[in-house]
Amino acid sequence: MPQNLNKTTIDFFEMVYAVVRLIPRGRVTSYGAVANSIGTKGTSRMVGWAMNTAHAVRPKVPAQRVVNRNGMLTGKHHFGTATAMEELLKKDGVEVKNDVVVDFLKRFWDPSKELVL
DNA sequence: GCATTGACGAAGG
DNA sequence: CCCTTCGCCAATG
């Protein structure tokens with residue numbers, strides 16, 4: 001993870017936002033992966049919780065690129081409309097079918113893994 | 001300051 | 001293989 005992300009100096013939410021914003025267009029990741037990338041392994045739930053307030057943060061956090069480990073859009077309900085999250089993902093070039101990201105494994109983007117460069 | 005909760009995840013039955 | 005339970009940890013009441 002970026003050296004700027006120090007949980008001693010930066011809040012947990014800020015770290016989550018930073019990682020999520022680094023997700024490339026057309027790729028997705030999971031809450032657990034984000035949590036792991038920022039050091040706090042077992043905070044996958046809080047990652048989702050952070051996404052809840054992400055909409056109020058500038059610049060907007062692409063929370064639609066973060067799904068659960070199955071690639072399911074569990075947080076779509078928090079996007080205002082029922083199809084908002086799918087639409088955003090579709091704009092990113094990510095196909096969504098039945099609330100699940102198609103080819104999730106191929107589109108999966110591991111922050112801690114691909115961020116190291 | 002204790003109890004509940006949550007956009008999760010892994011393990012067990 | 002589906003469903004339940006448990007663990008995780010920070011925020012919230």
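Every read-out reported here was derived from the displayed coordinates using simple, explicitly stated rules and does not represent laboratory data. Quick caveat: nothing in here was measured; it's all calculated off a predicted structure. Every residue, glycine among them, receives a Cβ derived from its backbone with ideal geometry; neighbour counts consider all protein chains shown.
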Helix-only mean residue ellipticity at 222 nm for chain A, each DSSP H run of n ≥ 4 adding -39500 (n - 2.57), per residue, nearest 500: -9000 deg cm²/dmol
Note, ³J(HN,Hα) from phi for segment A:15-29, Karplus 6.51, -1.76, 1.60, rounded to Hz, x at Gly and Pro: 5, 4, 4, 4, 5, 4, 5, 7, 5, x, 5, x, 10, 9, 8
Spatial extent of chain A: Rg and Dmax, with the Cα atoms as the point set, Å: 13.1, 40
Cα-Cα over 21 Å, subset of A:Lys60/A:Lys97; A:Lys41/A:Lys97; A:Lys41/A:Lys113: A:Lys60/A:Lys97; A:Lys41/A:Lys97
Under-5 Å amide H pairs with A:Val100, H placed in peptide plane, nonlocal only: A:Leu73
Net lengthening on full extension, A:Asp103/A:Asn52 (0.36 nm per residue, minus Cα-Cα): 15.8 nm
Under 16 Å from the Cα of A:Lys76 - aspartates and glutamates, other chains or at least 8 residues apart: A:Glu86, A:Glu87, A:Asp92, A:Glu95, A:Asp99
Net charge over other residues, Cβ less than 14 angstrom from the Cβ of A:Gly48 (K, R count +1; D, E count -1): +4
